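Chemist: Got a structure here, written out as structure tokens. Questions coming.
The values are calculated or read from the model by the stated rules, or taken from the named source; none is laboratory data. Keep in mind it's a predicted model, so treat the numbers as computed, not measured. Ideal geometry is used to build each Cβ from the backbone, glycine not excepted, and the neighbour counts take in all protein chains shown.
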Amino acid sequence: MPTSATPAGGRMQLQDGELLDTAEILPGQWLQTYRAPWLSAGARAGQFVHVRTPDWSGLVLRRPFSFNTIDRIRGEVSIHFRVTGKGTEGLARMRPGELLEMLGPLGRPFEVDPRTRHVLLVAGGLGVAGVRALAGEALEAGRRVALLFGAASATEVYPSSLLPDEVEYVVATDDGSLGHHGFVTELLPDYERWADQAFACGPAPMLAAVARLAAGRDARLGVARLGRKGGGRAFPQGSTQARRRAWLQVSMEQNMGCAVGACLGCVVMGTDGPQRVCREGPVFAADEIAWDTAP
Ligand code: FES
């Protein structure tokens, strides 16, 4: 079984996962659970897996999926995806017992400061798949978690039954059919003082709006940056320590080719130059991204 080190320090492996459960949880959106103890053992929230999707045309299609949940005790991981083409159509047709070739864990995870007690998650649409695992990790560590979720309408709202009971779940819909009438970003001001750190995943305009808010947060609320009270040490941009001290981290969504840093097909512009979403990301501190050029 091929293995190699990942940027997060775990061992990347290429092996099969066995499909245990598959369900269409929203129109065109599927949740699948796989038995893959070799993967769950080292995976962290924010990382992803690259799968060879089933396709009967003979094409080899690989797709990246965030870990939706990671269960180390049961040796299981789940992915949440929308059917968008042949690869994901093939995935949705799979039945329990079938095997899927998976490469992972890949990419860098969310970094939570050890002092953080209140974790704010912000998700737009399928972006909930990018932060869902962090809700589980944060609760396990004894933190409080609030999830702000935005969708176009009630029919696309992530079911609360798929979240741990302890998560405070607040919904916004563009058409007002459920929860707050408006964008999910409009819910943020009510939580920015409560949250020690925030973690977001969703469409680029939503992430840019959250990043703009985060950039002005310290001055507006008169709060010190985590770890900088009394002249704390500055860590290099992009380092684990610097990310751990960022109030906002974002998980960037990008098309991927190789998913291991070789093809440059997933580059986004950062404030420090081009960044590979599959290697330097998919999680970044918000101030690492040049938002005016984001996809
Ligand atoms: S997908 Fe190839 S470098 Fe990121």
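Chemist: So is residue 135 assigned to a strand (DSSP E or B) and of a type outside the set (Ser, Thr, Tyr) or not?
Modeler: no
Chemist: Which count do you get for residues in region 242-275 that are among the β-branched types (Val, Ile, Thr) and over 12 Å from residue 286 (Cβ atoms)?
Modeler: The total comes to 3.
Chemist: Can you work out which of the residues in region 88-105 that are under 12 Å from residue 64 (Cβ atoms) and among the aliphatic types (A, V, I, L, M) is surrounded by the most Cβ atoms within 10 Å (Cβ to Cβ)?
Modeler: 102
Chemist: Then there is this: So which of 78, 57 is on the phi < 0 side of the Ramachandran plot, among the small types (Gly, Ala, Ser) and modelled with pLDDT of 95 or more?
Modeler: Going through 78, 57 in turn, the sole match is 78.
Chemist: Of all strands (runs of 3 or more DSSP E) completely enclosed by region 18-98, which ones contain at least 1 residues that are under 27 Å from residue 157 (Cβ atoms) and among the aliphatic types (A, V, I, L, M)?
Modeler: Correct list: 29-35, 48-53, 69-71, 76-82.
Chemist: Let me ask another. Of the numbered conditions (1) farther than 18 Å from residue 130 by Cβ; (2) in contact (Cβ under 8 Å) with a residue 40 or more places away in the chain; (3) of a type outside the set (Phe, Trp, Tyr), residue 195 satisfies every one except a single condition; which is it?
Modeler: Exception for residue 195: condition (1).
Chemist: Still on this model: I need the full set of residues from region 29-54 which are charged (D, E, K, R) and modelled with pLDDT under 95, in order please.
Modeler: Hit for region 29-54 is 52, nothing else.
Chemist: Further, regarding this structure: Anything in region 246-280 that is more than 9 Å from the ligand (Cβ to nearest atom), of a type outside the set (A, V, I, L, M, F, W, C) and in a loop (DSSP other than H, G, I, E, B)? List them, or say none.
Modeler: Residues satisfying the conditions are 253, 272, 280.
Yes or no, residue by residue, for (1) surrounded by fewer than 16 Cβ atoms within 10 Å (Cβ to Cβ); (2) in contact with a strand residue (DSSP E or B) (Cβ under 6 Å, 6 or more places away or on another chain):
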site: 135; (1), (2): no, yes
site: 155; (1), (2): yes, no
site: 167; (1), (2): no, yes
site: 185; (1), (2): no, no
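Chemist: Can you tell me which residue within region 281-295, out of those that are touching a Gly at 6+ places or on another chain (Cβ under 9 Å) and closer than 19 Å to residue 127 by Cα, is farthest from the ligand (Cβ to nearest atom)?
Modeler: Residue satisfying both the conditions and the ranking: 285.
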